[in-house]
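Structure record follows, encoded as structure tokens.
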Amino acid sequence: MARNLRHLNVGGIALLVALAALWQLAVGASLIDLDYLPAPTEVVQAGVEQVEAGALVTATLHTLGVALAAWLIALVLGVALGLLLGFSAAARMVFTTSVEVLRTLPVVAFVPVAVLVFGLSTRMEVVVAAWAALWPIVINTLGGVEAVPARLHEVAAVFRLSGARRIRSIVLPAAAPLILVGARLGLSFALIVAVVAEMIGNPQGLGHLVIRTQQALRTEAMFAGILVIGLLGVALNAALLALTARAAPDMFEPGKRS
Amino acid sequence: MNVSARMETPALMARDVPQPAAGEQRALGYSCHAVGVSLPGPQGSRKVLAGVDLEVAGGEVVSIVGRSGTGKTTLLRVLGGLLPADEGTVLLGEQAVSGPPASAVTVFQDYARALLPWRTVRRNVALGLEGRRACGRAERERLVADALDAVGLGGRGDDRPWRLSGGMQQRVQIARALALRPRVLLMDEPFGALDAMTKASLQDELLAVHARTAPTIVFVTHDVDEAVYLGDRVLILDGQPGAITDEVPVSLPRPRDQLTTKEHPTFLSLRHRVHDAVGGAHGA
């Protein structure tokens, strides 16, 4: 517990609190007099009301579920595709151009297409969010496979490790730090795109809550939704880091030789 | 000098080699003829080895010395099946080498890069057993424990390799090879990065392993003293492209000793001869 507390970024949190206080003061003293800018206290109050009414909890669970489902699909497909590209020169020749084109297309441009194909549904949302999460995972897995030192491949050859065993015992662990980078980026992308898809497609979740409250001019509730989206992103990233630190405590330590 | 004529009688050279203990697998040797290798370089293909003839008897310890750039490592990679020869034949026993043979294990110089940092010492040593044999878990644990004991690391099985000193890390790599009970050990300047004292104790451990199980050992080094101290024969690799230009039989008795062997007049004269053959400079 004490160890966790030490990991808290005190300075960073102090800055956030100071900014919120400044915002509160500015609105309270009418230094900023915008019709649609609520004070932080009003945002928190609206958030509490939304939670009590159940809308915020339902929306959060929906968005969280979509982001996680999309991320898991992207993780499985992305690592598999990254391994394929990393191992097969033929696959690289066939797919690289497509990957480069597809990954640079802004994913939001696909949302209208996905709406036509899948309708205003959660399925549409999962598809576009998974699509967005897929590419950083593919690219980083490929990078990780390519960065496996030649010496380790020779060790695998000397010990006559078969293809599957070579992947499991050598390539995946050696590439794991980069695959994790891809997984973290993918998780952020999945959340962002899920919210966007809710804003312009599927009428559920936090994205839709923000749009709905904005159109009803309930800006304090709108800001409460935005706040929860931000907290969700931070929490998901922290959870993923904690999970990998527990699953493989030594994986990222070789730099810290004692 | 007619090197090849002498090399046609490897049995003579291997006369004093310790015989494998009863129950051990039959010793296995190399027979290479007119081996040539070209490697891609900045100005197209470059010939690294040409016309290499090499006979290594089963159970023999052969040192290969040469200045840097003469293709020592390349030759060892060819023997280990990590690099195909462009010309000539490479036989291990009766079999042509195409890919790493099941009975030979290569030990690399750069132990830090050849070990898996995410695995414990014990699981590093078990790596070869996972891939190579259908041996049971109990059998595997026994082989790993034996191999760690053989290099004096019995108590360090649960450490990560990067927590160990350089000499201990190289011991882990040697244990990983020994766990397979290989009939051939191919060693590429394995002690080149270690300090003198660590180097001496690892040399003696290697000789102790050889005295017990008599694997065939091909030992590449640029250290003349080490080549003479370890070997039954010293081969000199020289030229560009590299070829075996000389061969020095080592008639020193075994077991060898860091002090008495190295004070032996024969050791000193062999050392002198190898030094000259390699083209080493004499200090002014």
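Every read-out reported here was derived from the displayed coordinates using simple, explicitly stated rules and does not represent laboratory data. Everything numeric in this text was worked out from a predicted model, so none of it was measured. Note: ideal-geometry Cβ built from the backbone for every residue, glycine included; neighbour counts use all protein chains shown.
Charging the Cβ of each Asp and Glu at -1 and of each Lys and Arg at +1, and nothing else, the dipole of the protein assembly as shown about its Cα centre rounds to 760 debye.
In the protein assembly as shown, taking the dipole from charged Cβ atoms about the Cα centre, the farthest positive-side position among A:PRO203, A:GLY86, A:LEU61 is held by A:LEU61. Every Cα-Cα pair in the protein assembly as shown was counted, and those over 47 Å apart are 35% of them. Dimensions of segment A:50-117 from C-alpha coordinates, computed as largest minus smallest value along each principal axis and given longest first, are 56, 24, 19 Å. Seen from all directions on average, chain A presents a Cα convex hull projection of 18.5 nm². Note on A:LEU34, A:LEU191, A:LEU180: ascending count of other Cβ atoms within 10 Å places them as A:LEU34, A:LEU180, A:LEU191, the fewest first. Loop-resident chymotrypsin sites (Phe, Trp or Tyr not before Pro) (DSSP state other than H, G, I, E or B) in segment B:88-184 with no more than 10 further Cβ atoms inside 10 Å of their Cβ are absent. For segment B:192-206, the Karplus equation 6.51 cos²θ - 1.76 cosθ + 1.60, evaluated at θ = phi - 60°, returns couplings of x, 9, 9, 6, 4, 5, 4, 4, 4, 6, 5, 4, 5, 5, 5 Hz by residue, with Gly and Pro reported as x. Its Cα gyration tensor gives segment B:112-181 an equivalent ellipsoid; the semi-axes, largest first and in whole Å, are 18, 12, 10. Using a simple spin-label model with pseudo-atoms 7 Å out from Cα toward Cβ, A:VAL48 and A:LEU227 lie 1.0 nm apart. May I ask you to list the residues of segment B:40-79 whose amide nitrogen lies under 13 Å from a point 7 Å from Cα along the Cα→beta-carbon direction of B:GLU87? Counting backbone N atoms under 13 Å from the label point, the list is B:46-53. Taking 7 Å steps out from each Cα toward its Cβ at A:ALA90 and A:ARG103 produces label points 2.3 nm apart. Basic side chains Lys and Arg get +1 at the Cβ, acidic Asp and Glu get -1 at the Cβ, and with that the dipole of segment A:36-251 about its Cα centre reaches some 880 debye. As a proxy for reagent exposure, ranking B:CYS135, B:CYS32 by other Cβ atoms within 10 Å from fewest up yields B:CYS135, B:CYS32. At q = 0.18 Å⁻¹, work out log10 I(q)/I(0) for segment A:103-249 with the Debye formula, treating every Cα as an identical point scatterer and leaving solvent out; two decimals please. Log10 of I(q)/I(0), two decimals: -1.04. What does the charge add up to near A:GLN50, with Lys and Arg as +1, Asp and Glu as -1, over the other residues with Cβ less than 10 Å from its Cβ? That works out to -2. Highest mean first, the peptides B:123-129, B:79-85 sorted by other C-beta atoms within 10 Å per residue fall in the order B:123-129, B:79-85. Converting the Cα gyration tensor eigenvalues of segment A:1-131 into ellipsoid dimensions via √(5λ) gives semi-axes, longest first, of 41, 23, 17 Å. Remark: segment A:190-202, residue by residue, has Karplus-estimated 3J(HN,Hα) of 4, 5, 4, 6, 4, 5, 4, 4, 6, 6, 10, x, 7 Hz, where x stands for each Gly or Pro and the curve is 6.51 cos²θ - 1.76 cosθ + 1.60 at θ = phi - 60°. Its Cα centre serving as origin, chain B has a Cβ charge dipole (Lys and Arg +1, Asp and Glu -1) of approximately 900 debye.
For chain B, the Kirkwood hydrodynamic radius from C-alpha pairs, put into Stokes-Einstein at 4 °C and a viscosity of 1.567 mPa s, yields a diffusion coefficient of 67 µm² per second. Calculated translational diffusion coefficient of segment B:179-278 (25 °C, 0.890 mPa s; Stokes-Einstein with Kirkwood radius over alpha-carbon pairs) equals 172 µm²/s. Only beta bridges with both residues in the protein assembly as shown are counted; by DSSP, about 55 percent of them are antiparallel. When the helices of the protein assembly as shown are scored as -39500 (n - 2.57) per DSSP H run of n ≥ 4 and the total is divided over every residue, the value at 222 nm lands at -17500 deg cm²/dmol. A simple packing score, the average count of other Cβ atoms within 10 Å per residue, orders the peptides B:188-194, A:107-113 as B:188-194, A:107-113, with the highest score first.
Axis angle, to the nearest 10 degrees, between helix B:166-178 and the longest C-alpha principal axis of chain B: 90 degrees. Entry note: segment A:154-218 has Rg to Rh equal to 1.43, where both radii use alpha-carbon atoms and Rh is the Kirkwood radius.
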